[in-house]
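Structure first, then comments.
The values are calculated or read from the model by the stated rules, or taken from the named source; none is laboratory data. What you are looking at is a predicted structure, and each value in this text was computed from that prediction instead of being measured. We place every Cβ from the backbone using ideal geometry, glycine too, and count neighbours over all the protein chains shown.
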Amino acid sequence: MIFALQHFLEDHFQKRGLADNDQYAVRLANLYGKRRWTGSRSSFEKSMHRIATVFFRSNEIGDRVDFEVKLLDTLEGKFPKKNSVNLAVSFPGGVTSEKTKLRQRERLTVRSVLDQFKHAVESRAVDGFWKSRRKGKLISQPEKNGQDLLAVFLQGVLHGRRSGFAVKEVQSGVGWIDVLLVLASTPHVLELKMLHDSDIPGVNQLGTYMQQEKREEGWLVCFDTRDPSNRAKIGEKIAIKQGTVRVVVIDVNPIPPSRR
C-alpha cells in the first residue's frame with residue numbers, strides 16, 4: 001500500500017516537472033497509508049500541512065494549502081477507502097523491537113535489516129500469507145502481501161534515519177525492480193518471491209536487474225511455503241555471471257507447536 005502510494009506520487013510529481021529533493025513523496029505516502037481513513041478529511045489536511053519539507057519552496061509553489069487540497073483529491077480518487085481498508089498499513093505487533101536492535105548497530109547493512117525482517121515475519125506475520133495453512137491454501141496474492149509487509153517494516157525501522165530509505169517498483173530498463181533499498185547512498189536491488197519447491201525462483205530476473213543497475217550483488221527474499229517436513233536446504237548465496245545473489249529465506253510455513 002505505502003509503496004504503491006509512493007510510486008504513484010513520485011510519478012505524479014515527475015510528470016509535472018516537480019523536484020522532490022527531500023523524499024516528500026515517501027513521507028506523504030506513509031502518512032496517507034496509515035492515517036487517511038482513521039479520521040476526518042479536515043484532520044488529515046492539517047496533518048499534511050505539518051509535514052516538514054522543502055518541496056514547496058524548491059518548486060516555487062506559493063499556495064501550499066491549495067496544492068495539498070488538490071493533491072489529496074487526486075489521492076482519494078486513486079486510493080479510495082473501499083480499496084484501502086484491506087491493505088497492510090502497519091506491521092503486525094509493530095516493529096519497536098527490531099528498530100531498537102538496528103539502532104544499536106554501529107553500521108546498518110542490508111543483511112542486518114533483512115535478518116530483522118525475517119525475525120519479525122516469522123514471529124508475528126505468518127498467518128497473513130494463508131487462507132488455510134492446514135489445507136495448504138495461500139491467499140490470492142501472497143507475494144504482494146510480502147511486499148506490503150516489507151514496505152511497512154522498512155518505513156518503520158528506517159524512519160528518521162538519514163542513512164536509509166526504500167522505494168518500491170523502481171523502473172529499470174528491463175522492467176520493474178521489486179525494491180531498491182538505499183543505505184548510505186548505496187542502492188541495493190531486492191527481489192521478493194514465494195518459494196514452493198526446491199527450484200529457487202527469481203534468480204535470472206534479479207541477475208538481469210543487477211546488470212542493468214550495474215550492481216554486482218543482489219538480494220533475493222524467499223517466503224518459504226514448503227512442507228516443513230520435507231525441505232531441501234537453500235544456500236545463502238548463489239554465484240551468477242552478473243555477480244552474487246544473496247538469499248534470505250523466511251519460513252512462513254513452520255511446524256505448528258502441536259505437531260512438534
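Let me confirm something: among GLN212, GLN141, which residue is at pLDDT 85 or above, in contact with a strand residue (DSSP E or B) (Cβ under 7 Å, 6 or more places away or on another chain) and of a type in the set (S, T, N, Q)?
Among GLN212, GLN141, only GLN212 is at pLDDT 85 or above, in contact with a strand residue (DSSP E or B) (Cβ under 7 Å, 6 or more places away or on another chain) and of a type in the set (S, T, N, Q).
Just checking, does the range 155-176 include any residue being modelled with pLDDT of 85 or more and within 17 Å of the chain's Cα centre (by Cα)?
Within the range 155-176, one or more residues are modelled with pLDDT of 85 or more and within 17 Å of the chain's Cα centre (by Cα).
Of the residues in the range 219-260, how many are farther than 15 Å from GLY202 by Cβ, of a type in the set (Asp, Glu) and surrounded by 13 or more Cβ atoms within 10 Å (Cβ to Cβ)?
Total satisfying the criteria: 1.
Out of the range 122-148, which residues are buried (at least 19 other Cβ atoms within 10 Å of the Cβ) and farther than 24 Å from GLU217 by Cα? Write out each step before concluding.
Start the filter on the range 122-148 by keeping residues that are buried (at least 19 other Cβ atoms within 10 Å of the Cβ), which leaves 125, 129, 138, 145-148.
If the condition is that a residue be buried (at least 19 other Cβ atoms within 10 Å of the Cβ) and farther than 24 Å from GLU217 by Cα, then ALA125, PHE129, LEU138, ASN145 are the ones that fit.
Kindly evaluate LYS70 against the criterion of being assigned by TED's automatic domain parsing to the domain that holds GLN6, more than 30 Å from PRO256 (Cβ to Cβ) and modelled with pLDDT under 95.
The answer is no for LYS70.
Could you list all residues from the range 183-204 that are under 20 Å from LEU114 (Cα atoms) and not in a loop (DSSP other than H, G, I, E, B)?
Matches in the range 183-204: LEU183, THR186, PRO187, HIS188, VAL189, LEU190, GLU191, LEU192, LYS193, MET194, LEU195, VAL203.
Which members of the range 191-218 meet the condition of being polar (S, T, N, Q) and surrounded by fewer than 13 Cβ atoms within 10 Å (Cβ to Cβ)?
Selection gives SER198, ASN204.
Working carefully through the options ASP127, ASP148, find the one that is in a helix (DSSP H, G or I), at pLDDT below 95, within 17 Å of the chain's Cα centre (by Cα) and of a type in the set (Asp, Glu).
Among ASP127, ASP148, only ASP148 is in a helix (DSSP H, G or I), at pLDDT below 95, within 17 Å of the chain's Cα centre (by Cα) and of a type in the set (Asp, Glu).
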